Structures are given as structure tokens and as C-alpha cells.
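Chemist: I'd like to ask some things about the structure below.
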Amino acid sequence: REEEAHAVALELTRREELSHRVSTGIRALARAEHLPADIVEFAAGPWADVAARAQDDQPGEDDPGGYLAAVTELFWLARPELAARSPERLEPAAVHVLRILREGLDRIGHDPGMTAAVLDRVAELH
């Protein structure tokens, strides 16, 4: 039992470290984008957990589930001045981000209302 507990603790520590690395990368991207703080906190918090879990479950894959690519789309959506330059891209991007956010958050058991709250915030920005 002691060995099992130690193995579980090591696994949790490893997952936390992976999530922290993903979060750090997302925050670095966000600094260059001048984004609203709440969008950054979501992306570098719960969403970093989603991306890290996918990477952990599928080692060797660059972006399993497309969860990191979704960050770029979410950040684009959170900048209305950029989205205004390509209005034809707005609806498909919002639909894609909504789908992937729901899928990712459901995968790790986060509150389903979190997806709606993030997209409501993006809509508010527009």
C-alpha cells in the first residue's frame, strides 16, 4: 500500500508539473496578445489542465485533441479588433472553440457552465 501511495503521489506531481509547463507557455503567448485577464486565467488554468491531461494520455503527440490550437483561436476571438478584420472567420471559429471547450472540459470533469461563461465573455467583448 505504501508503494501504491508513493506511485500515486509521483503521478500527481508529474501531472502537476506538466500542467504548469503548459500554463507557462499559454501565459507567454497571452502576454504578447494583450488579452483580458479573465480569458488568460481560464486558458492558463483549467484549459492548461485539459491540454496537459491530453498530452499525458497520448505521449508523443504534439497537440492531442487540438487543445493547444484552440487557445490560439480563443485568444483571437477575445480580440474583437482582430476578429473585425475577418468577419467571415468569426462564426466558424466560435463554433469550433465552443465544441472543443466543451469536449475538453467534459473530458476532465470540469463544470459544464464554465464553457458557457467563457463564450459569454467573448461575446461580451464583441
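Chemist: Students often get this wrong, so try it: which of (1) 10.1; (2) 7.9; (3) 8.3 is mean projected area of the Cα convex hull in nm² as calculated from the structure shown?
Modeler: Only one option fits the structure, namely (3).
Chemist: Here's another thing I want to ask about it. On a 0 to 90° scale, report how tilted helix 2-33 is relative to the longest principal axis of the chain, with both axes built from alpha carbons and the result rounded to the nearest 10.
Modeler: In the chain, helix 2-33 runs at an angle near 20 degrees to the longest axis.
Chemist: Are there trypsin sites (Lys or Arg not before Pro) in region 27-117 that DSSP puts in a loop and that have at most 15 other Cβ atoms within 10 Å, and which ones?
Modeler: Passing both the DSSP loop test and the Cβ count: 85.
Chemist: Report relative contact order for the chain in percent, whole number only (criteria: Cα-Cα under 8 Å, sequence separation at least 6). Don't skip to the end; give the middle numbers.
Modeler: Working: 95 pairs, mean separation 28.1, N = 126.
Relative CO of the chain lands at 22 percent.
Chemist: Let me ask you something else. Please identify the GluC sites (Glu not before Pro) of region 25-74 that satisfy two criteria: DSSP loop assignment and at most 15 other Cβ atoms within 10 Å. Which are they?
Modeler: Numbers: sites: 33, 41, 61, 73; in loops: 61.
Here the GluC sites (Glu not before Pro) that fit, given the DSSP loop and packing criteria, are 61.
Chemist: Using the number of other C-beta atoms within 10 angstrom as an exposure proxy, rank 101, 29 with the fewest first. Don't jump to the answer; show the numbers that get you there.
Modeler: On the way: 101 24, 29 17.
The order, fewest Cβ neighbours first, is 29, 101.
Throughout, read-outs are computed from the coordinates displayed, never taken from laboratory work. What you see is a predicted model; the values in this text were computed from it and never measured. When we count neighbours, we look across all protein chains shown, and the Cβ atoms used for this are built from the backbone with ideal geometry, even at glycine.
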